[in-house]
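In what follows, a single structure is set out as structure tokens and then discussed.
The values are calculated or read from the model by the stated rules, or taken from the named source; none is laboratory data. All figures in this text were calculated on a predicted structure; none of them were measured in a lab. Cβ placement follows ideal geometry from the backbone for every residue including glycine, while neighbour counts extend to all protein chains displayed. When the accessible area is computed, the model is the full protein with side chains, heavy atoms only, and any ligands, DNA or RNA have been set aside. Shrake-Rupley method; radii C 1.70, N 1.55, O 1.52, S 1.80 Å.
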Amino acid sequence: MIGRQREVEVSLDSAAVSRRHARVTWEDGTVFVEDLGSSNGTFVDDVRITRKTRLLAGSILRVGPSVFQLDAPKTAPDLDMTIQRLTAANTANVELFQDTSGTKLQAVLQLAHHLSQSVDNDSLLERLLDQLLVLFPGADRALVILKEGEDPVVKAVRRRRVGDSSGPLFSRSVLRKVFAQGVGVLAADTRLEQSALANFTLNQLGIQSLLCAPLQGQGGRILGALQLDRSRAGEAFTQDDLYLLAAVSIMVSSVLENARMYQAVLSAERVQRDLALAREIQLGYLPRGGVQLAAGTVDLVAELHPALEVSGDFYDYFPLPDGRLAFAVADVSGKGMSAALFMTLVHALERHLAQGVTNPADLIEQLNEAVALDNPNSLFVTMAFGIYDAATGRAVIAHGGHPPALVRRADGRVEEWVIRGAPLLGMMPEIRRSEEAIIDLAPGDALLLYTDGVTESPESGNLDELFGPARLQQTLSVQRADQPLDGWASSIRQAVTAFSGTGPLADDITLLLLRRP
């Protein structure tokens, strides 16, 4: 466990680190990290993670200002097979185009023509294997092996003989050499090698001759490998075969990378469309504009600014059957789609339960019980819930794990209302009952509820310094009494932006301002 608490295994003394920020686990020889709903996020190789993520040797893990690196495991070298020929699989290797260059060029051009008719990976790989068996009549089997993380996975296999049941297997020893050195390898006849132990895997697979060449993306990044093998007796693969496969692998790498980029663009566009629709639906459930109360009027403004496309925050306000006004601000643990879905559940429960309660503490208690009874992922929510009586100007507020409310008096004084609330909601069915704050608003007095995305916004270039409650109170105190509340909300948002910069938000920001006319 990594966090700001002194009790965790890795304690980091930084305001940018949450109390229980992230968890690193070792599972069957693999290291994983997961974010625990932290305010400022957990990053692996400069990418903010939203789910349990595997750490590879050399991975950089960042928690607040602290950086960790996973060391490579110390392993004993495996016996390597004896290779007859190696050749660099890149365009600078002139030997690939010597001797039978015209034949090679014709073969590569023909293959490029066939592959150009495919834009998705599945059909591209199928066409590729068909053409490889045409170009290499001595091959019994062709495989495309792609890397998934650090693991090689067979993505496509084509056998020359119908009914051949040999498995799509490969030698990890061969692939390690191909991946590590970026070279094509030739094993002409594995049965004749003096080191039978080094060729044990190939012999067990019934492979008598083998070619393997790397697939490399931009910057030499290894995408995978092409493998051709022969199990029948007869002529083994030759040096010219190796050169041809290496030349083919260069062209195929480019086609494969382009296809991947094309599919990534299509996928990203679909995801963006789905997220845009989800955002539109989510924001559509939030109330807009004023509200009519039988007992009198009230000035009310609420805003939500998501850090991502969808939000785990929400606000709500609506009239109760007795004529009073219910209002709430909540913050679900985590961010992104999982938090947004959980928020939808909590929002619906809050609306339903509010119809049958007479005081905020009851709602907080019932909401916690309802969420905790069916919460397999141990998500939690902080919430401030209040009821306002427009006839008297009295607001009653209870909360669970939420920042304290602020009251801005008509003369500019700002008061922080700290109450003994319930702990985080949704973790345990039975928790301490929240006390209630009774706040009497005189004409011109205003109440502010907010999420910690406001006060925990880090300073631009200095993650250790947060916007904090003092700056929020100062910003609230200088607002003009005759200014509309949407101007107050805009001033608070501008103050946070001036402090944190114009980049992406560190967390969702939600504000609800209520003023007695």
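Pick from Gly487, Gly503: which is surrounded by fewer than 19 Cβ atoms within 10 Å (Cβ to Cβ), under 32 Å from the mean Cα position of the chain (by Cα) and not in a strand (DSSP E or B)?
Numbers: Gly487 fails: under 32 Å from the mean Cα position of the chain (by Cα).
The conditions single out Gly503.
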Residues satisfying the stated conditions in region 428-455, i.e. touching a helix residue (DSSP H, G or I) at 6+ places or on another chain (Cβ under 8 Å) and closer than 18 Å to Leu505 by Cβ: Tyr450, Val454, Thr455
Positions within region 14-35 being free of Cβ contacts under 8 Å to residues at least 40 places away in the same chain and part of a loop (DSSP other than H, G, I, E, B), in sequence order: Ser18, Arg19, Arg20, Asp28, Gly29
Candidate set from region 347-367 (those that are within 25 Å of Pro306 (Cβ to Cβ) and in contact (Cβ under 8 Å) with a residue 60 or more places away in the chain); member that is most open to solvent (accessible area, probe 1.4 Å): His347
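Return a yes/no flag: does region 450-471 have any residue that is out of contact with any strand residue (DSSP E or B) (no Cβ under 9 Å at 6 or more places or on another chain) and under 23 Å from Gly323 (Cβ atoms). Working first, answer last.
Within region 450-471, the first condition is being out of contact with any strand residue (DSSP E or B) (no Cβ under 9 Å at 6 or more places or on another chain), and the residues that meet it are 460-463, 468, 470-471.
Restricting the remaining residues to those that are under 23 Å from Gly323 (Cβ atoms) gives none.
No; the residues of region 450-471 include none that is out of contact with any strand residue (DSSP E or B) (no Cβ under 9 Å at 6 or more places or on another chain) and under 23 Å from Gly323 (Cβ atoms).
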Index of the failed condition, Val153 passing every other in (1) at pLDDT below 80; (2) outside any helix (DSSP H, G or I); (3) within 20 Å of Leu223 (Cα to Cα): (1)
Residue satisfying all of: in region 443-472; at pLDDT below 95 and of a type in the set (Ser, Thr, Tyr); farthest from Leu12 (Cα to Cα) among these: Thr451
Counted residues, region 413-462 - those being out of contact with any Pro (no Cβ under 8 Å at 6 or more places or on another chain), open to solvent by less than 20 Å² (accessible area, probe 1.4 Å) and of a type in the set (Gly, Ala, Ser): 7
Conditions (1) in contact (Cβ under 8 Å) with a residue 40 or more places away in the chain; (2) part of a strand (DSSP E or B); (3) more than 30 Å from Leu345 (Cα to Cα): number failed by Ala410: (2)
Qualifying residue in region 37-46 (condition: modelled with pLDDT of 90 or more and open to solvent by 80 Å² or more (accessible area, probe 1.4 Å)): no
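Starting from residues that are open to solvent by 10 Å² or more (accessible area, probe 1.4 Å) and in contact (Cβ under 8 Å) with a residue 40 or more places away in the chain, keep the ones in region 382-401 and report whichever is nearest to Met428 (Cα to Cα).
Thr382
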